[in-house]
Amino acid sequence: MIKLYGFPRSRSTRVVWMLEELGVDYEFNKIELLEGAGQSEEYLKIHADGKVPAINDDGFVLTESAAIVTYLGDKFSDSKLVPEAGTQARAKYDEWCFFVLTELEQPLWTVGKHTFVFPEEKRVPEILDVAHWEFLKACKVLEKNLAGKEFAMGGAFSAVDILVAHTLRWANAFGVPSGSKALDAYRDRISARPSFDKVTSRETALG
């Protein structure tokens with residue numbers, strides 16, 4: 001059984017969502033980040049940076065949410081949630097993943113770090129205006145790439161939609177507007193999937 005190390009309402013939510021979409025059994029091991037468990041000697045052997053998520057699949061350890069989601073899509077390829085390696089569809093999938101992580105999430109995470117993650121003495125409030133501007137800039141690109149599509153990859157739901165919708169949900173939770181009614185509608189539509197109801201229930205139970 002796949003062991004997932006995570007914390008509710010973090011990047012590990014993406015992995016929970018993917019696992020629920022796949023309908024496979026998994027064991028959720030909550031890492032109490034707020035109590036410093038991420039920096040324990042035991043957990044640092046799993047994730048060298050003490051962050052979440054991480055998975056252990058029969059001895060194979062993998063970190064980074066997009067890498068895990070992609071690995072799971074490849075492992076359970078019948079799901080068609082991740083395109084086959086070596087195809088143009090896979091190249092577009094990779095393009096989407098890299099965009100989400102480097103362009104869409106990066107300024108949003110900057111907002112998070114400088115508002116509640118970093119110790120107060122390490123925060124730089126002046127950076128927030130630039131980060132908000134950069135996020136809105138990425139959202140305009142995202143809106144253009146999603147125009148006329150029900151899903152990111154076209155006519156079918158894929159793991160990319162998990163990454164995009166989760167990041168937009170993060171923005172909403174951080175109080176950072178997307179500036180786009182179309183993106184907000186996309187976020188809400190993807191989040192209305194039955195699999196996400198299961199994610200919410202599991203995370204609520206974990207506290």
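Odds and ends about this structure:
- Shown is the FRET efficiency for Leu136 and Asp25, computed with R0 = 35 Å from the Cβ-Cβ distance and rounded to the nearest 0.05: 0.30.
- Bridging of Lys122 to lysines at a Cα separation below 24 Å is possible for Lys51, Lys113, once same-chain residues fewer than 8 apart are set aside.
- Pairs beyond 31 Å (Cα-Cα), from Lys92/Lys181; Lys80/Lys198; Lys149/Lys198; Lys30/Lys137; Lys3/Lys80: Lys30/Lys137
- Whichever aspartates and glutamates have a C-alpha closer than 18 Å to that of Lys75, once near sequence neighbours (fewer than 8 apart) are set aside: Glu20, Glu21, Asp25, Glu27, Asp57, Asp58, Glu64, Glu84, Asp94
- Summed over qualifying helices (DSSP H, 4 residues or more, each -39500 (n - 2.57)) and divided by its residue number, the chain shows a 222 nm mean residue ellipticity of -16000 deg cm²/dmol.
- Taking Ile127, Ile31, Ile2 and counting other C-beta atoms within 10 Å, the order from fewest to most: Ile127, Ile2, Ile31
All of the numbers you see were taken from the coordinates with simple rules; none came from a lab. Remember, predicted model here, so these are calculated numbers, not experimental data. Cβ atoms come from the backbone with ideal geometry, glycine included; neighbour counts cover every protein chain shown.
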